[in-house]
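Asker: Here it is: the structure, laid out below.
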Amino acid sequence: MMRWETHVHTQEGSACARASAADMTRSCKAAGYDGMFVTDHFYCGNTSVDRSQPWREWVRKFCLGYDYAKAAGEAIGLRVCFGWEYSWEGNDFLTYGLPPEWLLAHPETVRVTPLEYLKLVREAGGILVHAHPFRQESYVPLIKLLPDRVDAVEVWNAGNHQEIFNDRALWYAESFGLPQFSGSDAHWEDAFAGGILTDRDIRSTEDMPALLRDGGIAGLIVNRKDILFR
């Protein structure tokens, strides 16, 4: 099995991250992973990139976390793929399957309504994973469940402070027959404790939709333990 971290933040892209992309990459490798997805907070979330810049420049700087992590990963043998975390009033959606070039060509992603955004991503061939859907924090005024508009549910998030948040996410996935995801939601170097297991390589973010569609997720990493689906 190959081990993949699906939910990582860097200082270059996320205002709440505490380590650089290069340091996060080295720590992920040291934790025993084969690859990771950089999923920094997008324009509508807790981004560290100045929103007053022209779109092309904003995207370039937003992607620096991924770019630096990819370079560091190539040096140490860790695959690094691109993604981002879209926020809707504290409800977050991990977006995979679309490269930086797609983001550059679609500035409307920051102008359309959240429901239109979800539709836009899926119509473009991307997938959406509802991240920590039952997290209760001051920045989440209302929990939103959209089983018909997402492709999977993050049933284990190492950043959840209460286990019941993960238990409820598992109920959500099972109730609606949605695939299960896991992620560390890593914002600092020693936070790697989640992820997915696959029996195949992932070469880029564009591989993720087919992996999910074909049932290529063989299990989850939960609290640093590998758990295969039966």
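None of the figures in this text is laboratory data; all of them are computed from the coordinates on show. Note that the structure is predicted; figures quoted are calculated from it, not measured. Virtual Cβ from ideal backbone geometry, glycine too; neighbours counted across all protein chains shown.
Asker: Over segment 2-228, what is the relative contact order in percent, taking alpha-carbon pairs closer than 8 angstrom and at least six residues apart?
Answerer: 22 percent
Asker: Using just the helices of the chain, give the 222 nm mean residue ellipticity in deg cm²/dmol: DSSP H runs with n ≥ 4 each add -39,500 (n - 2.57), and the total is spread over all residues, rounded to 500.
Answerer: One gets -8000 deg cm²/dmol as the mean residue ellipticity at 222 nm.
Asker: Sticking with this one: Which of ARG200, ARG79, ARG122 moves most in a GNM of the chain, Cα contacts under 10 Å?
Answerer: Comparing ARG200, ARG79, ARG122 in a Gaussian network model of the chain, the most mobile one is ARG200.
Asker: Quick check: Cα centre of segment 56-124 to Cα centre of segment 185-211, how many Å?
Answerer: 15 Å
Asker: Another question, if that's okay. Modelling each spin label as a point 7 Å along the Cα-to-Cβ direction, I'd like the HIS161/ALA30 distance in nm, to one decimal.
Answerer: 2.6 nm
Asker: I've got another one for you. Tell me the label-point distance for the pair SER204, SER138, using the 7 Å Cα-to-Cβ offset, in nm and rounded to one decimal.
Answerer: Calculated label separation equals 4.2 nm.
Asker: In addition: Give the long-range amide H neighbours of ASP226: residues separated by 5 or more places, or on another chain, with amide H under 5 Å away, using H modelled in the peptide plane at 1.01 Å from N.
Answerer: The list, which skips near neighbours in sequence, is empty: none.
Asker: Additional query: Could you list which residues have their amide H under 5 Å from that of VAL80, counting only those 5 or more apart in sequence or on another chain, with H placed in the peptide plane?
Answerer: The answer is MET36.
Asker: Counting only C-alpha contacts under 8 Å and six or more residues apart, can you give the relative contact order of segment 137-230 as a whole percent?
Answerer: 23 percent
Asker: Whole-Hz ³J(HN,Hα) for each residue in segment 4-13, computed from phi via Karplus 6.51 cos²θ - 1.76 cosθ + 1.60 with θ = phi - 60°, x for glycine and proline: what do you get?
Answerer: Residue by residue, segment 4-13 yields 10, 8, 9, 8, 10, 10, 10, 5, 5, x Hz.
Asker: With r as the distance between the Cβ atoms of TRP188 and GLN53 and R0 = 30 Å, compute the FRET efficiency 1/(1 + (r/R0)^6) and round to 0.05.
Answerer: Efficiency at R0 = 30 Å is approximately 0.65.
Asker: Once the piece of chain linking ALA71 and LEU170 is laid out straight, how much longer is it, given 0.36 nm per residue of separation minus the C-alpha distance between them?
Answerer: Using 0.36 nm per residue and subtracting the Cα-Cα distance, I get 32.2 nm.
Asker: Work out the length of the dipole vector of the chain about its Cα centre, built from +1 on the beta-carbon of each Lys and Arg and -1 on the beta-carbon of each Asp and Glu, and round it to the nearest 20 debye.
Answerer: The calculation lands at about 60 debye.
Asker: Give a residue-ordered list of calculated ³J(HN,Hα) values for segment 111-128 (Karplus: 6.51 cos²θ - 1.76 cosθ + 1.60, θ = phi - 60°; whole Hz; x for Gly, Pro).
Answerer: 10, 6, 5, x, 5, 5, 4, 4, 5, 4, 5, 5, 5, 7, x, x, 10, 10
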